[in-house]
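Since the structure comes first, as structure tokens, the remarks are kept for the end.
The values are calculated or read from the model by the stated rules, or taken from the named source; none is laboratory data. For clarity, every value in this text was computed on a predicted model and none was experimentally measured. Note that we place each Cβ from the backbone using ideal geometry, even for glycine, and neighbour counts take in every protein chain shown. The area values use the complete protein model at the heavy-atom level, side chains included, leaving out ligands, DNA and RNA. Shrake-Rupley method; radii C 1.70, N 1.55, O 1.52, S 1.80 Å.
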Amino acid sequence: MKAVPHVFLSSANSEFGQLRAELHATLDNTRWKVLSQQNLPELQHPTLEKLDEAIRDCDCVVHIVGRRPGSAPRDKSLAWLRANYTDLTSRLPELERYCWSASSTLTLTQWEAWLALYHGRELLVFAPQDVIEELACEGPGAPPGSAWARQQQHLQLLRMREKRPIAFGDKDPLVAKLLLALHAFEGPSRPPFDWPRPLDFSKYIAVKTEHFVARDWLFERIDRWATVDKDRPLLVLGDFGMGKTAAIGKLLEHWRDRCVVSHFCRYDDDHTLKPGRIVVNIAAQLKDLVLGYRLAVEDNPQLQDLLRQADADPDAALKLAVLNPLHALDDARPKECFLVIDALDESTEIKQAPGANRTTLADLVVDASVRLPPWLRLIITSRRVGPARSAIVRSRFATLEITYDSNNDADIAEYVAYRARSQPPLAAYLQRAGFPAAALAQALNVQASGRFLLVQCVLDDIVNGNIQNTQFDQLPVRIDAFYEQSFNRRIERAGLDPAQVRVVLGLVAVVRVPITIEAIAGVLGLKAVEVAAIFGAFGGLLVVHMNGGVTFSHFSLETWLRGQHDKIDLKVAEQELVAHCRQLAIGDLNEAGDFASYLRQYGVELLTQHTNFDSALELWSALRATLSPGVHAAAELQELRLQSDVVVERLRAHWRRIDGLAGRQRERARAAVAAI
């Protein structure tokens with residue numbers, strides 16, 4: 001293949017002339033040099049001689065086949081072909097009957113494909129989806145001798161050569177299929193980029209959208225913005241508990257046929273809050289949705305490095321490795337795509353380590369909102385208070401607010417009615433109370449100030465049997481009052497040890513990432529069944545994630561618990577956590593079990609948040625040295641003192657590359673722990 005590869009575009013002018021011009025314009029922005037009738041004056045009135053010269057000078061022929069085969073060559077051209085390629089029919093015997101007269105020969109466009117095969121050039125055949133479907137249909141064929149019959153025969157001969165046409169259509173545009181095929185033909189010129197996997201929020205969305213009804217007015221307004229207000233991004237505002245995340249989860253379902261990139265910021269999982277991780281998650285989704293972006297990154301090692309180092313410099317990763325390539329795209333992209341980021345305000349909750357990059361997600365979003373390509377539309381949700389809102393409002397967002405109004409009243413009424421119809425325990429409760437669902441909805445709506453969260457929590461407790469009182473005026477009137485009553489009832493009904501509950505829930509709050517029952521049991525020296533009993537009693541207030549880890553169901557619950565020292569013990573939980581880490585680092589880790597795998601994934605964030613940063617990194621290096629393939633000598637321990645996320649990321653890569661640790665290095669690592 002040439003340093004600058006050449007591609008020849010083959011198609012009948014009468015059918016695909018405009019499409020060929022569009023492909024030509026797209027390929028001009030790639031490393032391929034395009035040869036076609038459009039840029040070769042000698043091919044304005046082509047002969048087999050001129051076509052043959054162009055095809056011999058290319059690396060690949062793109063053959064677009066429709067219903068019109070094109071015009072036939074003159075006898076003079078056929079005579080030239082026979083005289084110059086005497087071995088043509090011996091190498092391509094299926095062409096024997098087509099080489100002698102213009103009345104029975106292939107057309108010029110068809111010959112372009114066969115000359116590519118004769119000269120050993122790569123041949124890529126494309127056809128519209130309806131053409132391929134008609135070819136596959138059984139039944140009477142086209143009239144003998146017709147243009148369509150000749151085209152059918154041509155395609156059948158190509159299939160005998162294992163050159164089956166690749167289908168394209170409105171949903172699978174030719175330009176995207178072509179770029180992918182050319183990329184595959186070039187082959188890997190360097191090791192392939194190991195794309196990160198997109199974060200999986202499916203279970204989180206399923207939990208948030210359970211029993212979801214109504215909100216049609218909200219979806220209509222978002223659809224109107226998407227159709228009419230194309231120049232501004234959209235900010236959806238609402239107080240906590242108003243159901244923003246549930247609405248966005250359902251919006252993604254409504255928009256399943258659209259191109260949508262989404263990210264959910266979760267207060268209980270720092271991996272979803274770090275700007276660099278969010279940039280990488282966006283890139284990982286764009287890779288599957290926007291072919292041109294995927295090819296741009298895979299062809300550019302600098303862009304790959306920026307994505308790998310996104311934690312250290314998220315701003316550069318977003319601008320240079322995401323936005324710039326998207327702006328450079330021409331046709332290898334969707335006509336419209338949406339970037340949806342939920343709960344932007346929660347990204348401000350993350351606790352940054354000393355020396356870490358101070359860029360926040362709010363900073364990135366405000367800056368990116370004026371840098372997005374016009375075809376990429378931005379939707380953000382946030383609480384109506386907090387730094388995220390103040391930063392965004394100063395930019396140029398269109399605003400849509402979820403407030404305590406008639407729309408919200410109707411939604412809550414519909415929600416309560418739906419659950420009463422679908423959940424027999426709730427229907428039985430209403431029957432005992434002697435009131436319809438509408439009366440319960442009205443009472444809860446007033447007490448909850450329109451917050452779906454409180455309505456949902458009360459209904460859950462009624463269904464689970466935790467609320468028996470049928471006097472609506474005695475139901476919790478605020479979310480903190482609900483948590484207080486629910487917390488006490490659950491401990492009493494399950495017969496739990498309050499001190500044990502305080503430490504277990506304290507550990508869930510301390511780690512800030514999903515942690516499994518087995519890991520908690522290992523840290524606190526409890527039996528897994530004891531921890532499971534606590535989690536079972538607090539069902540609905542705790543949620544289980546894809547990896548089996550558990551966190552609180554809502555940030556408001558953790559916020560309330562942190563202010564209730566009689567219900568959660570953060571200090572003891574953190575002491576137990578650090579003590580367990582030290583024991584693991586200097587002891588026998590064969591019994592580390594589930595907590596060992598937890599540390600491998602979250603250890604750096606965990607220790608840097610809850611202990612002295614410098615000491616934590618030294619402790620972490622020792623833990624990694626004993627926990628798994630890992631490895632630090634004294635010089636690397638000195639680097640850890642730089643308190644830099646860049647160093648941590650470099651060490652992580654180092655841990656992945658090294659398989660073992662020499663005995664002396666292991667002893668040095670353990671000695672480092674004793675010195676802390």
Working carefully through the options LEU542, LEU496, LEU524, find the one that is surrounded by fewer than 21 Cβ atoms within 10 Å (Cβ to Cβ) and touching a strand residue (DSSP E or B) at 6+ places or on another chain (Cβ under 6 Å). LEU542
Do the conditions hold for LEU88, that is, is it at pLDDT 75 or above, among the aliphatic types (A, V, I, L, M), touching a Lys or Arg at 6+ places or on another chain (Cβ under 9 Å) and open to solvent by 20 Å² or more (accessible area, probe 1.4 Å)? no
Residue check, ILE515 closer than 29 Å to ILE205 by Cβ and at pLDDT 85 or above: no
Between a first residue in segment 452-477 that is more than 13 Å from ARG490 (Cα to Cα) and a second residue that is among the charged types (D, E, K, R) and open to solvent by less than 10 Å² (accessible area, probe 1.4 Å), which pairs have beta carbons less than 6 Å apart while being 6 or more apart in sequence or on different chains? LEU459/ARG419
Return a yes/no flag: does segment 103-111 have any residue that is surrounded by 18 or more Cβ atoms within 10 Å (Cβ to Cβ), within 41 Å of the chain's Cα centre (by Cα) and modelled with pLDDT of 80 or more. no
I'd like to know if segment 272-283 contains one or more residues that are hydrophobic (A, V, I, L, M, F, W, C), over 30 Å from ASP194 (Cα atoms) and touching a residue at least 60 places away in the same chain (Cβ under 8 Å). no
Filtering segment 112-125 down to residues that are open to solvent by 10 Å² or more (accessible area, probe 1.4 Å) and closer than 15 Å to VAL7 by Cα yields LEU117, HIS119, GLY120, ARG121, GLU122, LEU124
For segment 527-539, which residues satisfy the criterion of being in a loop (DSSP other than H, G, I, E, B) and buried (at least 21 other Cβ atoms within 10 Å of the Cβ)? PHE538
Quick check: is even one residue across segment 216-236 in contact (Cβ under 8 Å) with a residue 24 or more places away in the chain, farther than 25 Å from GLY540 by Cα, open to solvent by less than 20 Å² (accessible area, probe 1.4 Å) and part of a loop (DSSP other than H, G, I, E, B)? yes
With the checklist (1) of a type in the set (A, V, I, L, M, F, W, C); (2) open to solvent by 10 Å² or more (accessible area, probe 1.4 Å); (3) touching a strand residue (DSSP E or B) at 6+ places or on another chain (Cβ under 9 Å) in hand, flag the one item PHE264 doesn't pass. (2)
Testing ALA398 on (1) out of contact with any strand residue (DSSP E or B) (no Cβ under 9 Å at 6 or more places or on another chain); (2) at pLDDT 85 or above, one condition comes back false. Which one is that? (1)
Condition (residue is at pLDDT 80 or above and either under 17 Å from VAL531 (Cβ atoms) or open to solvent by 50 Å² or more (accessible area, probe 1.4 Å) (or both)) applied to segment 578-586: is it met by at least one residue? no
What are the residues in segment 297-323 that are part of a helix (DSSP H, G or I), under 24 Å from ASP172 (Cα atoms) and open to solvent by 30 Å² or more (accessible area, probe 1.4 Å), if any? GLU298
Does LEU507 qualify as being in contact (Cβ under 8 Å) with a residue 60 or more places away in the chain, part of a helix (DSSP H, G or I) and closer than 23 Å to ALA247 by Cα? no
Search result, residues across segment 46-60 that are in contact (Cβ under 8 Å) with a residue 24 or more places away in the chain, under 21 Å from SER71 (Cβ atoms) and assigned to a helix (DSSP H, G or I): LEU48, GLU49, LEU51, ASP52, ALA54, ILE55
When the residues of segment 479-493 are narrowed to those that are of a type in the set (Lys, Arg) and under 27 Å from PHE240 (Cβ atoms), which ends up surrounded by the fewest Cβ atoms within 10 Å (Cβ to Cβ)? ARG489
Mind checking whether some residue in segment 398-418 is β-branched (Val, Ile, Thr), touching a residue at least 40 places away in the same chain (Cβ under 8 Å), in a strand (DSSP E or B) and open to solvent by less than 10 Å² (accessible area, probe 1.4 Å)? yes
Just to be sure I understand the filter: pairs with C-beta atoms under 8 Å, separated by 6 or more residues or on different chains, first member in segment 552-571 and touching a residue at least 12 places away in the same chain (Cβ under 8 Å), second member surrounded by fewer than 19 Cβ atoms within 10 Å (Cβ to Cβ) and assigned to a loop (DSSP other than H, G, I, E, B). Which pairs pass? SER553/GLY540
Within segment 423-472, tally of residues that are in a loop (DSSP other than H, G, I, E, B) and either surrounded by fewer than 19 Cβ atoms within 10 Å (Cβ to Cβ) or of a type in the set (S, T, N, Q) (or both): 12
